[in-house]
Amino acid sequence: MSGGAGGGAVGSAKTPADFLKSIRGRPVVVKLNSGVDYRGILACLDGYMNIAMEQTEEYVNGQLKNKYGDAFIRGNNVLYISTTKRTLGD
């Protein structure tokens, strides 16, 4: 049978590592286990999910609380990393 048994979109099989490599240097949202969001440019990260960010903003309950030039987030505090979609209105 052609089509393969994996399902999903053909040609878009990306591993989490591929995703993380592809978003370096791009705007991201990092949500912590505590519920706090950090938004900024992903500078680098390692295998433990330790994250270095630039132009970082801290949001608590959706409200801007602080701005940092550079920030380092320890990996065990990270709930998820998401790319942001910036629009002209932002």
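For segment 62-75, enumerate the residues that are of a type outside the set (D, E, K, R), at pLDDT 95 or above and farther than 18 Å from residue 43 by Cα.
Scanning segment 62-75 gives 63, 64, 66.
Go through segment 78-90 residue by residue and tally those that are more than 13 Å from residue 23 (Cα to Cα) and either among the aliphatic types (A, V, I, L, M) or modelled with pLDDT of 95 or more (or both).
Summing the residues that are more than 13 Å from residue 23 (Cα to Cα) and either among the aliphatic types (A, V, I, L, M) or modelled with pLDDT of 95 or more (or both) in segment 78-90 gives 3.
Filter segment 1-56 down to residues that are in a helix (DSSP H, G or I) and open to solvent by 80 Å² or more (accessible area, probe 1.4 Å) and give me whichever is modelled with the lowest pLDDT.
Selected residue: 16.
The values are calculated or read from the model by the stated rules, or taken from the named source; none is laboratory data. As the structure is a computational prediction, the values presented were derived from the model and not from experiment. Surface accessibility is based on the protein's heavy atoms, side chains included, excluding ligands, DNA and RNA. Shrake-Rupley method; radii C 1.70, N 1.55, O 1.52, S 1.80 Å.
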